[in-house]
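See below for the structure under consideration.
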């Protein structure tokens, strides 16, 4: 693939955690013609608006990082919104990218696409081999559809139109730009906020949802961004060497996982909380383990660089900055 630094690159979701990290990664490589639109400027669920955007801007590449995301509580509370909004965004962006001649597109999915009881670590070929985790099934279905849409366009239009649409599936992400909402956030930002507030209030105890035994893998968002740009820039023969036409997605993980209890202790350390930690087993745990097999990406030459302890310190500093700015 050409690495012309003047290419016009559209990052959908450029102000979100992942999208903003992709912008940082591209800028670090010297790309200068990066465009993005806020939701107020462009509603990606609006087909006519997306069509007009592509017709007017004519980007050369697209990073599709825009999505409606949230933790267990949000997924349980808004299942209709999660499946509708994500499907609409994907369908509009991917199709209009094709219609307006975009050859290179990267779709960002999620580790929740894999079955709840998938063998660990979860490899790409585990997709569609079992039932999904019920709490985030609508979101997972949408992301699976996005993968299959990219694959289907490649199969139908790859030779005739030069379409090369790729998909990366990140593990649990955290870092600058995260959502620290007390109910609708993912586990790390939710814990960071709770431990920070407990420290400020001198609370003697922090109670965590679930048993603390599930294992999760976490990746610092700037590592995810470098992986995304890395995958996008691979030449087609190299990318195809690790994928198949109907199994073309690539996992992006840290390489190891921790229990929720271990994570809570690490967050307490990063925030300076000195009290005790307990667990509420009446609350849902979600999947017992989610650990990605990133062997394909590692064989292509990419590896994560930011440790969990270092990443948590950076994420906490980011949250404190946001609180001061609020």
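I'd like the residue in the stretch 189-227 that is free of Cβ contacts under 8 Å to residues at least 60 places away in the same chain and part of a helix (DSSP H, G or I) and, out of all such residues, is farthest from residue 69 (Cα to Cα).
So, considering only residues that are free of Cβ contacts under 8 Å to residues at least 60 places away in the same chain and part of a helix (DSSP H, G or I), the one farthest from residue 69 (Cα to Cα) is 200.
Just one of 26, 44 is closer than 14 Å to residue 67 by Cβ and at pLDDT 95 or above; which is it?
44
Given the residues 126, 140, 97, which is the only one that is free of Cβ contacts under 8 Å to residues at least 40 places away in the same chain and crowded, with 24+ Cβ neighbours inside 10 Å?
Working: 126 fails: crowded, with 24+ Cβ neighbours inside 10 Å; 97 fails: free of Cβ contacts under 8 Å to residues at least 40 places away in the same chain.
From the options 126, 140, 97, the qualifying one is 140.
Kindly provide the set of residues from the stretch 254-290 that are modelled with pLDDT of 95 or more and closer than 30 Å to residue 240 by Cα, ordered by number.
To start, the set of residues in the stretch 254-290 that are modelled with pLDDT of 95 or more comprises 254-282.
The answer is 254, 255, 256, 257.
Go through the stretch 82-113 and report how many residues are under 16 Å from the mean Cα position of the chain (by Cα), at pLDDT 95 or above and in a loop (DSSP other than H, G, I, E, B).
1
Can you find even one residue in the stretch 58-65 that is touching a strand residue (DSSP E or B) at 6+ places or on another chain (Cβ under 7 Å), assigned to a helix (DSSP H, G or I) and either in contact (Cβ under 8 Å) with a residue 60 or more places away in the chain or on the phi > 0 side of the Ramachandran plot (or both)?
no
Select from the stretch 67-81 the residues that are in a helix (DSSP H, G or I) and surrounded by fewer than 18 Cβ atoms within 10 Å (Cβ to Cβ) and write down the one among them that is modelled with the lowest pLDDT.
First, pick out the residues of the stretch 67-81 that are in a helix (DSSP H, G or I): 72-77, 79-81.
From the residues that got through so far, the ones that are surrounded by fewer than 18 Cβ atoms within 10 Å (Cβ to Cβ) too are 76-77, 79-81.
Values: 76: 82, 77: 87, 79: 93, 80: 95, 81: 95.
Residue satisfying both the conditions and the ranking: 76.
For the stretch 24-40: of the residues being touching a helix residue (DSSP H, G or I) at 6+ places or on another chain (Cβ under 8 Å) and closer than 14 Å to residue 61 by Cβ, which is surrounded by the most Cβ atoms within 10 Å (Cβ to Cβ)?
Here is the first cut: in the stretch 24-40, the residues touching a helix residue (DSSP H, G or I) at 6+ places or on another chain (Cβ under 8 Å) are 24-26, 29, 34-37.
Keeping just the survivors that are closer than 14 Å to residue 61 by Cβ gives 25-26, 29, 34-36.
On the way: 25: 20, 26: 23, 29: 12, 34: 18, 35: 14, 36: 21.
By that ranking, first place goes to 26.
The values are calculated or read from the model by the stated rules, or taken from the named source; none is laboratory data. Remember, predicted model here, so these are calculated numbers, not experimental data. Every residue, glycine among them, receives a Cβ derived from its backbone with ideal geometry; neighbour counts consider all protein chains shown.
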